[in-house]
Amino acid sequence: MDIPFEVIALNEARPAVRALDQRRLPDQEVVLELVTSEEVARAIEDLVVRGAPLVGITAAYGVALAALRREPVEAVLARMRKTRPTAVNLFWALDRMERAYREGRDLVAEARAVHEDERERTLAIARNGADLFSCPVRILTICNTGILATGGVGTALGVVYELHARGLLERVIALETRPVLQGARLTVYELSRMGVPYTLIVDSQAAALMARGEVDAVIVGADRIAANGDTANKIGTLMLAVLARYFDVPFYVAAPLSTFDRNLPDGSRIPIERRSPEEVRSVRTCRITLGNAPVLNEAFDVTPAKLIRGWITERGVLEEVSHGTLGVY
Ligand code: MRU
């Protein structure tokens, strides 16, 4: 599968991390040159780059950049760990970079290996997910889980692209994903560029479509999956899982094994990021801001494992997740 645009890259010759600025999409395609590790850390915090695997890849490149610039690597590792709390891929990638640093290995090579590793995992996830379906389907999804989120073809959207390539996709139903609109801005941008048919809906329309039998499956990504399968993903995912159970629509999570956190027994201990109230107060479509309206802006929620039909991974589709099943990997 061809990836038609670059979302992240490390320039060794003139040390910098090049990042497509996702805050400006779809209106403007701007590539930022981040020349210090602090600029990379801020780019992660400000959602210049986002999506669990891409956050990890970007942080790894940030550490490699620090090594090229002779910045203190241990301090940079600690700074990167503070950028976003929920996606465990960040910590998985930084643990790899820390190991390489302690073993005196080349940090540029290790960061590129992290990127390549995540990219390959998405290709396998796409194939394994597409194998679940044998006739054209309408897939409902939330947030952005594609090229822009992974540095590869994507997780849930990777499955969508593979279904499309196999002639097995009727259309994608994309939730706009308030408040940052990763669905309306980023998923729609990607699907348009990939030539995949889609319908954009407001988040609250999901129930009506499921009630009318217009959704064949829900596939979402994940930011952290606990040892019992409880899954943190973009706020609104839990709502979709409850609806899918009620309307008997299969609900799948697509994620690489780098998103599984065996150290947490269940989802109750997954740290949920709280972001700025301003994201909610500025209602983009109305071009208004809501002054000081009290706001709770949790970026993620946790879907209990019992609502999930299967976890689509690079090693196959798991029908249950426990310490035992994960131990196999
Ligand atoms: O806040 P974001 O945009 O980083 O949230 C991203 C998501 O919730 C994605 O669904 C998740 O990271 C999986 S991306 C393959």
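As an exercise: evaluate R42 against (1) part of a helix (DSSP H, G or I); (2) in contact with a helix residue (DSSP H, G or I) (Cβ under 9 Å, 6 or more places away or on another chain); (3) more than 24 Å from A255 (Cβ to Cβ) and give the number of the one condition it does not meet. Tallying (1) part of a helix (DSSP H, G or I); (2) in contact with a helix residue (DSSP H, G or I) (Cβ under 9 Å, 6 or more places away or on another chain); (3) more than 24 Å from A255 (Cβ to Cβ), R42 fails exactly one: (2).
For V160, are the conditions met, namely being buried (at least 24 other Cβ atoms within 10 Å of the Cβ), β-branched (V, I, T) and touching a Phe, Trp or Tyr at 6+ places or on another chain (Cβ under 8 Å)?
Answer is no for this residue.
What do you reckon, is V188 under 16 Å from the mean Cα position of the chain (by Cα), surrounded by fewer than 22 Cβ atoms within 10 Å (Cβ to Cβ) and among the β-branched types (V, I, T)? Spell out the reasoning first.
Values: under 16 Å from the mean Cα position of the chain (by Cα): yes; surrounded by fewer than 22 Cβ atoms within 10 Å (Cβ to Cβ): yes; among the β-branched types (V, I, T): yes.
The answer is yes for V188.
Selection of the range 172-216 for residues being of a type outside the set (A, V, I, L, M) and at positive phi yields T177, G195, G213. Of the residues making up the range 50-65, not a single one is away from the ligand (no atom under 16 Å from the Cβ), surrounded by fewer than 24 Cβ atoms within 10 Å (Cβ to Cβ) and touching a residue at least 24 places away in the same chain (Cβ under 8 Å).
Just one of (1) within 15 Å of the ligand (Cβ to nearest atom); (2) within 20 Å of S192 (Cα to Cα); (3) of a type outside the set (A, V, I, L, M, F, W, C); (4) in contact with a Lys or Arg (Cβ under 8 Å, 6 or more places away or on another chain) fails for E45. It is (2). Looking only at the range 154-177, residues that are closer than 17 Å to P256 by Cα and more than 10 Å from the ligand (Cβ to nearest atom) come to 4 in all. Do we have F300 as in contact with a helix residue (DSSP H, G or I) (Cβ under 7 Å, 6 or more places away or on another chain), in contact (Cβ under 8 Å) with a residue 12 or more places away in the chain and among the aromatic types (F, W, Y) here? No, not satisfied.
Looking only at the range 217-258, residues that are buried (at least 17 other Cβ atoms within 10 Å of the Cβ) and among the acidic types (D, E) come to 2 in all.
Scanning for something among the small types (G, A, S), more than 18 Å from V137 (Cβ to Cβ) and touching a Leu at 6+ places or on another chain (Cβ under 8 Å), does the range 186-206 turn up at least one residue? The answer is no; no qualifying residue exists. Of note, G154 does not satisfy the criterion of being farther than 19 Å from A52 by Cα, in a loop (DSSP other than H, G, I, E, B) and either in contact with a Cys (Cβ under 7 Å, 6 or more places away or on another chain) or not hydrophobic (A, V, I, L, M, F, W, C) (or both).
Scanning the range 94-131 for residues that are over 21 Å from the mean Cα position of the chain (by Cα), surrounded by 15 or more Cβ atoms within 10 Å (Cβ to Cβ) and hydrophobic (A, V, I, L, M, F, W, C) returns A100, L107, V108. Residues in the range 191-216 that are of a type outside the set (V, I, T), surrounded by 20 or more Cβ atoms within 10 Å (Cβ to Cβ) and more than 27 Å from R24 (Cβ to Cβ): A206, M210. Of the strands (runs of 3 or more DSSP E) lying entirely inside the range 248-329, those carrying at least 1 residues that are among the aromatic types (F, W, Y) and in the same structural domain as C143 (by TED's automatic domain parsing) are 251-254, 300-303, 310-313.
The values are calculated or read from the model by the stated rules, or taken from the named source; none is laboratory data. Nothing here was measured: the structure is a model prediction, and the numbers come from that model. Here Cβ is always computed from backbone atoms with ideal geometry, including for glycine, and neighbour counts include all displayed protein chains.
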